[in-house]
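Can you read through this structure? Questions will come right after.
The values are calculated or read from the model by the stated rules, or taken from the named source; none is laboratory data. Keep in mind it's a predicted model, so treat the numbers as computed, not measured. Quick reminder, even Gly has a Cβ in these numbers, built from the backbone with ideal geometry, and neighbours come from all protein chains shown.
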Amino acid sequence: AGASPVATAPGSYGSDELRVAIERRELEAWYQPQVAVATGKVIGVETLVRWRHPQDGLVFPDQFIGVAENSGLVDALTHAVMGEAVAQARAWRDAGHELRVAVNLSMQTLNSLDFPDLVQRRVEAAGVHPRDIVLEVTESRLMMDPSAVLDVLTRLRMKRFRLSIDDFGTGHSSLAQLRDIPINELKVDRSFVHGAAANAKLGAIFSASQGLARQLGLDFVAEGVDDEADWRFLRAARCDYAQGYFIARPMPAADFPAWRRRRKQLCAE
Ligand code: C2E
Ligand code: CA
Ligand code: CA
C-alpha cells in the first residue's frame, strides 16, 4: 500500500520511530478554540498534538501518546508541544488576541519536581504570563502518585499557571482530587456533554458537575460540543465555556485568523 492521508492502525508506532519524529520536529501543535457560552467570545484554545508523519500523513495523539508514556518520551513530547504553544501564545498576544492557551500534561511530567521551574523559565523567556497558560491534567492520571503530583501542581499554581482538571467525571477519585488540588477550572468530560439535551441521566451528571464547580468557585468548561442541540443545552444551563466540533475543529495556528474573521462576521449578522 502507498502513502495514505489518514493514520494507520493503532499500536503500529514504535518508540524509536517516535523519538526520531520528536528530534526531527515532526510533531505539530494544533489548536481548538474555546468560547464563552454567554457571549460567544473566543477566550482561548486547547493545544492538541499531531504527528506529521512522512509516510502516513497526519497521525492523531491516541496513536502515539501511549507509546510516549510507556517509553520515557513523554517529557520530550510535552516540551516540544509546550514550546510551540508558548511561542504561539506570544504571537497571538502580539497580534492583539487575548487568548488563554491550554496544554495537556501527562502523569510522568507531573512527577518530575523540576518541571515547574522549567516551564516557568520557558514561559518567561517567551514573554508570556503564566496566567495565560492553562495546564490540563486528567483525573485518572492524577491518582497515580498523589504526593509528588500534588507538590508539582501546587508549585505550578504558586507560579500563577492555571490548572484544569480534564475529562472530569471519568476518573475514580474525582472528589478527593477536587479537595486536594489547587485547581482553577473543571472540564467536564465530553461523554456528559454530547447528547445531554436528550438524555436526562447525562444532563443530571452535567448539572451536578457544574454545581460542584460553581460551589468551589471554579470555571466550568464543556468539551465535545458536537452539534447545535449540545450548544443550546449549554446556553440554557448557563455553562461558562465551551469547546467542540460545533464551534470549531482543531486547526493549525495558520488557519486561526481566517476562522476568527468568519466567526466575527457570522456573529455580527
Ligand atoms: P482531550 O484532552 O480530551 O482532548 C479533546 C479531544 O476531543 C481532542 O482529540 C479533540 O480533537 C476531540 N474533540 C474536540 N471536540 C470534539 C467534539 O465535538 N466531538 C468529539 N467527538 N471529539 C471532539 P485529539 O486531538 O485526538 O486528542 C485526544 C487526546 O490525546 C486528548 O484528549 C489528550 O488526552 C491527548 N493529547 C492531545 N495532545 C496532547 C499533548 O500534547 N500531550 C498529552 N500528554 N496528551 C495529549
Ligand atoms: Ca485536554
Ligand atoms: Ca478532555
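Select, from F220, F206, F256, F168, the only residue that is more than 15 Å from ligand 2 (Cβ to nearest atom), of a type in the set (F, W, Y), in contact (Cβ under 8 Å) with a residue 24 or more places away in the chain and under 20 Å from E136 (Cα atoms). Before the answer, list the steps.
Details: F220 fails: more than 15 Å from ligand 2 (Cβ to nearest atom); F256 fails: under 20 Å from E136 (Cα atoms); F168 fails: more than 15 Å from ligand 2 (Cβ to nearest atom).
F206 is the lone residue from the list that is more than 15 Å from ligand 2 (Cβ to nearest atom), of a type in the set (F, W, Y), in contact (Cβ under 8 Å) with a residue 24 or more places away in the chain and under 20 Å from E136 (Cα atoms).
Mind checking whether some residue in region 87-100 is closer than 27 Å to A254 by Cβ, in contact with a strand residue (DSSP E or B) (Cβ under 8 Å, 6 or more places away or on another chain), near ligand 1 (Cβ under 10 Å from one of its atoms) and of a type in the set (D, E, K, R)?
no
Please verify whether K187 is under 27 Å from A242 (Cβ atoms) and either within 14 Å of ligand 2 (Cβ to nearest atom) or modelled with pLDDT of 95 or more (or both), treating the condition exactly as stated.
Values: under 27 Å from A242 (Cβ atoms): yes; either within 14 Å of ligand 2 (Cβ to nearest atom) or modelled with pLDDT of 95 or more (or both): yes.
Spelling it out, K187 is indeed under 27 Å from A242 (Cβ atoms) and either within 14 Å of ligand 2 (Cβ to nearest atom) or modelled with pLDDT of 95 or more (or both).
Still on this structure: In region 169-179, which residue that is out of contact with any Phe, Trp or Tyr (no Cβ under 8 Å at 6 or more places or on another chain) and closer than 24 Å to R100 by Cα is farthest from ligand 1 (Cβ to nearest atom)?
Restricting attention to region 169-179, the residues satisfying the condition of being out of contact with any Phe, Trp or Tyr (no Cβ under 8 Å at 6 or more places or on another chain) are 170-173, 175-179.
Now narrow it down to the ones that are closer than 24 Å to R100 by Cα: 177-178.
Working: Q177: 17, L178: 18 Å.
Looking at the filtered set, the residue picked out is L178.
Would you be able to say whether some residue in region 199-222 is within 14 Å of ligand 1 (Cβ to nearest atom) and closer than 18 Å to V42 by Cα?
Among the residues of region 199-222, at least one is within 14 Å of ligand 1 (Cβ to nearest atom) and closer than 18 Å to V42 by Cα, which makes the answer yes.
Additional query: Looking at D132, D114, which one is in contact (Cβ under 8 Å) with a residue 40 or more places away in the chain and of a type outside the set (A, V, I, L, M)? So that I can check it myself, show each step before the final result.
On the way: D114 fails: in contact (Cβ under 8 Å) with a residue 40 or more places away in the chain.
Of the residues listed, the single one that is in contact (Cβ under 8 Å) with a residue 40 or more places away in the chain and of a type outside the set (A, V, I, L, M) is D132.
Let me ask you something else. Considering (1) more than 16 Å from ligand 2 (Cβ to nearest atom); (2) of a type in the set (A, V, I, L, M); (3) at pLDDT 90 or above, say which one V134 fails and leave the rest.
Tallying (1) more than 16 Å from ligand 2 (Cβ to nearest atom); (2) of a type in the set (A, V, I, L, M); (3) at pLDDT 90 or above, V134 fails exactly one: (1).
Being β-branched (V, I, T) and not in a loop (DSSP other than H, G, I, E, B) is the filter; apply it to region 14-40 and report the residue that is surrounded by the most Cβ atoms within 10 Å (Cβ to Cβ).
Only one residue fits best here, namely V35.
Looking at region 236-258 only, could you name the residues that are under 19 Å from the mean Cα position of the chain (by Cα) and either on the phi > 0 side of the Ramachandran plot or hydrophobic (A, V, I, L, M, F, W, C) (or both)?
Here is the first cut: in region 236-258, the residues under 19 Å from the mean Cα position of the chain (by Cα) are 239-256.
Of everything in region 236-258, those that are under 19 Å from the mean Cα position of the chain (by Cα) and either on the phi > 0 side of the Ramachandran plot or hydrophobic (A, V, I, L, M, F, W, C) (or both) turn out to be C239, A242, G244, F246, I247, A248, M251, A253, A254, F256.
Scan region 12-24 and report the pairs whose first residue is modelled with pLDDT of 95 or more and β-branched (V, I, T) and whose second residue is assigned to a helix (DSSP H, G or I) and surrounded by fewer than 18 Cβ atoms within 10 Å (Cβ to Cβ), with Cβ atoms within less than 6 Å and a gap of 6+ or a chain change.
Pairs that qualify, where the first residue is modelled with pLDDT of 95 or more and β-branched (V, I, T) and the partner is assigned to a helix (DSSP H, G or I) and surrounded by fewer than 18 Cβ atoms within 10 Å (Cβ to Cβ), are I22/A76.
Looking only at region 213-269, count how many residues are closer than 16 Å to G203 by Cα and touching a helix residue (DSSP H, G or I) at 6+ places or on another chain (Cβ under 6 Å).
Looking only at that region, the number is 6.
I205: surrounded by 17 or more Cβ atoms within 10 Å (Cβ to Cβ), among the hydrophobic types (A, V, I, L, M, F, W, C) and farther than 30 Å from R122 by Cβ, yes or no?
Yes; evaluated as a whole, the condition is true for this residue.
Could you tell me whether G96 is touching a residue at least 24 places away in the same chain (Cβ under 8 Å), over 21 Å from T154 (Cβ atoms) and more than 16 Å from ligand 2 (Cβ to nearest atom)?
Details: touching a residue at least 24 places away in the same chain (Cβ under 8 Å): no; over 21 Å from T154 (Cβ atoms): yes; more than 16 Å from ligand 2 (Cβ to nearest atom): yes.
The answer is no for G96.
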